[in-house]
Amino acid sequence: MKGIFPIHRFRELETPFYYYDTKVLRDTLAVINKEVAKYEKFSVHYAVKANANPKVLTIICESGLGADCVSGGEIRAAIKAGIPADKVVFAGVGKADWEINLGLDYGIFCFNVESVPELEVINELATAKGKIANVAFRINPNVGAHTHKNITTGLAENKFGISMADMDQVIDTALAMRNVKFIGLHFHIGSQILDMGDFVALCNRVNELQEKLYARQIIVEHINVGGGLGIDYAHPNRQPVPDFAAYFATYAQHLKLRPEQSAHFELGRAVTGQCGSLISKVLYVKQGANKQFAILDAGMTDLIRPALYQAYHKMENITSEEPVEAYDVVGPICESSDVFGKAIDLNKVHRGDLIALRSAGAYGEIMASGYNCREIPKAYTLDELV
Ligand code: LLP
C-alpha cells in the first residue's frame, strides 16, 4: 500500500480500471447519515446517475439511502442493489411509456413530472393498471448556479421543469385527475455547486412558491430540492468527505417547512465522487517541440469530464518518487480533445508507470463509452483488493 492505494495489487491488474475506495465511500455515507439525523424531516435519495456500479450501489443501499433515478435502467439497477421501491423517485424530461409502466409496476415512491403531456400519460397508464401514481412537479425556479454552463439546470432557458408561471394550471390539471396524487414539488438548480449562497437562493424561491400555494390552501407533503453539492477536485485527500454539515444546515436555516412537510435531497457527486479513481498505465513518454506528453492507456472514453466540461481531475504518478516534471497528460483516442490536463506536474514519468486520475467516482465509469471500439474498463474496490 503506497499512500491510499494498494499498488502491489494494482500491478497485477489490466489497466485502465476504476478503483473505488470503499472506506472513503462508507465514511462519506456515515457523515451523511449523521448530519441528516440532526433534522427529523430530511431524507436523501442517492442520484444513481453519478455512479451505478453494482458494488457501489450495494454499499449505498446498506447505508439506507433511497434512490433518485432518471431512467428505467436506473430504476432496475437501484432495485437490484436492494433499494426498496418505496424509496425510489423517478425524474427526467423524457420518460418513455415502458419506463413509466416499470415505475408503476414496482410501486415507486414518486414520479417527478416535468410537463403536462407527461402528466397525462402517467395518468393514462396508471388508469390502465388501476393504480394511483404519486407525482411531484419539477418546477424550474429560474435560479442560476455558479458552476459550468453545461451543468446548470434551473434557469428558464433550460429544458428542465415546469415554469413557475404555469405551476397553478398544472396543479389544477393534476387535482382533476383520478389516477395521480399530487404530493410534492421538485427542484434542482445544477451540479458541482460549492457556494452555499446558491442553495440559499433556491430556498428563497421555494419559500415564495410555497406562500403562493398556501394562499390556495395547498400544502404539499414533500419538498425535493435536488442535489448539486460539489466536491473538492483540487484536494481529494484533504477533503475526501464534502461539507455535509454546512449543506444540510443551510437548508435547515433557509427552507421554510411546515410541520407536516419533509425535505428530500438528491445527492450524486457528493456521495461517490471522491471514492473513485481511474487507474491508468503510461504507454509512452513523447517529447514534443516545446513540451513532453505522457500518453496513457486511459482516454476520454473512460473519463469524459475534462474533454466535455474542461473539468480538472488531480493526477498522480503513484509509482514514482523522482523529481517532478511537467507533462501534457493525454489519452490514446483519435480526438484532439482527448487531453486530461496540460502542464501537469508529475513525479518523473516512465513507460509502465501507473497514473491515478482522482475524484472519478461520480460521472466517470457511468459516462464511459465504447468509442474507437474500446472496452469499458473493469472496476475494483478496496474490499476486493486488500
Ligand atoms: N437531481 C437531478 C434532478 C439532477 O439532474 C442531478 C444531476 C442530480 C440530482 C444530482 O446532482 P449532483 O448531486 O450529482 O450534483 N455529468 C455532469 C453532471 C451532470 C449532473 C446532472 N444532473 C458532470 O460530470 O459534472
Worksheet item: Only one of these conditions is not met by Gly94: (1) part of a loop (DSSP other than H, G, I, E, B); (2) closer than 17 Å to Arg178 by Cα. Which number is it?
Response: (2)
Item to complete: State which residue pairs qualify: first residue of a type in the set (Gly, Ala, Ser) and inside region 317-332, second residue open to solvent by 40 Å² or more (accessible area, probe 1.4 Å) in any location, beta carbons under 6 Å apart, and separation of 6 or more residues or different chains.
Response: Ser320/Asn347; Ser320/Lys348; Ala326/Ala343; Ala326/Asp345
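Yes/no matrix, rows are residues, columns are (1) more than 15 Å from the ligand (Cβ to nearest atom); (2) surrounded by fewer than 24 Cβ atoms within 10 Å (Cβ to Cβ); (3) acidic (Asp, Glu):
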position: Lys34; (1), (2), (3): yes, yes, no
position: Ala67; (1), (2), (3): no, no, no
position: Ile79; (1), (2), (3): yes, yes, no
position: Ser115; (1), (2), (3): no, yes, no
Discussion item. Condition first: of a type in the set (Gly, Ala, Ser), within 23 Å of Glu14 (Cβ to Cβ) and either surrounded by 21 or more Cβ atoms within 10 Å (Cβ to Cβ) or within 16 Å of the ligand (Cβ to nearest atom) (or both). Now tell me which residues in region 299-331 satisfy that.
Written reply: Gly299, Gly331
Discussion item. Looking only at region 43-62, filter to residues that are open to solvent by 20 Å² or more (accessible area, probe 1.4 Å) and either in a strand (DSSP E or B) or in contact (Cβ under 8 Å) with a residue 40 or more places away in the chain (or both); which one of those is farthest from the ligand (Cβ to nearest atom)?
Written reply: Lys55
Worksheet item: Can you name every residue in region 63-91 that is without any contact (Cβ under 8 Å) to a residue 24 or more places away in the chain and part of a helix (DSSP H, G or I)?
Response: Gly73, Asp86
Worksheet item: When the residues of region 12-32 are filtered to those that are exposed (fewer than 14 other Cβ atoms within 10 Å of the Cβ) and touching a residue at least 12 places away in the same chain (Cβ under 8 Å), which remaining residue is farthest from Pro236 (Cα to Cα)?
Response: Glu14
Worksheet item: Can you tell me which residue in region 93-107 is most open to solvent (accessible area, probe 1.4 Å), limited to those that are away from the ligand (no atom under 15 Å from the Cβ) and either closer than 19 Å to His222 by Cβ or touching a strand residue (DSSP E or B) at 6+ places or on another chain (Cβ under 8 Å) (or both)?
Response: Tyr106
Practice prompt. Can you tell me which residue among Leu278, Leu257, Leu296, Leu283 is within 16 Å of the ligand (Cβ to nearest atom) and modelled with pLDDT of 95 or more?
Written response: Leu278
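Residues checked against (1) in contact (Cβ under 8 Å) with a residue 12 or more places away in the chain; (2) out of contact with any helix residue (DSSP H, G or I) (no Cβ under 7 Å at 6 or more places or on another chain); (3) open to solvent by less than 10 Å² (accessible area, probe 1.4 Å):
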{"position": "Phe182", "(1), (2), (3)": "yes, no, no"}
{"position": "His188", "(1), (2), (3)": "yes, yes, no"}
{"position": "Ser191", "(1), (2), (3)": "yes, no, no"}
{"position": "Phe199", "(1), (2), (3)": "yes, no, yes"}
{"position": "Val206", "(1), (2), (3)": "yes, yes, yes"}
{"position": "Arg216", "(1), (2), (3)": "yes, yes, no"}
{"position": "Asn237", "(1), (2), (3)": "yes, yes, no"}
Item to complete: Find the residue count for region 224-238, including only residues that are touching a Lys or Arg at 6+ places or on another chain (Cβ under 8 Å) and part of a strand (DSSP E or B).
Response: 1
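The values are calculated or read from the model by the stated rules, or taken from the named source; none is laboratory data. None of the values given here were measured: they were computed from a predicted structure. For neighbour counting, all protein chains shown are included, and Cβ atoms are generated from backbone atoms with ideal geometry for every residue, glycine included. In case anyone asks, the SASA skips ligands and DNA or RNA and just uses the protein heavy atoms, side chains included. Shrake-Rupley method; radii C 1.70, N 1.55, O 1.52, S 1.80 Å.
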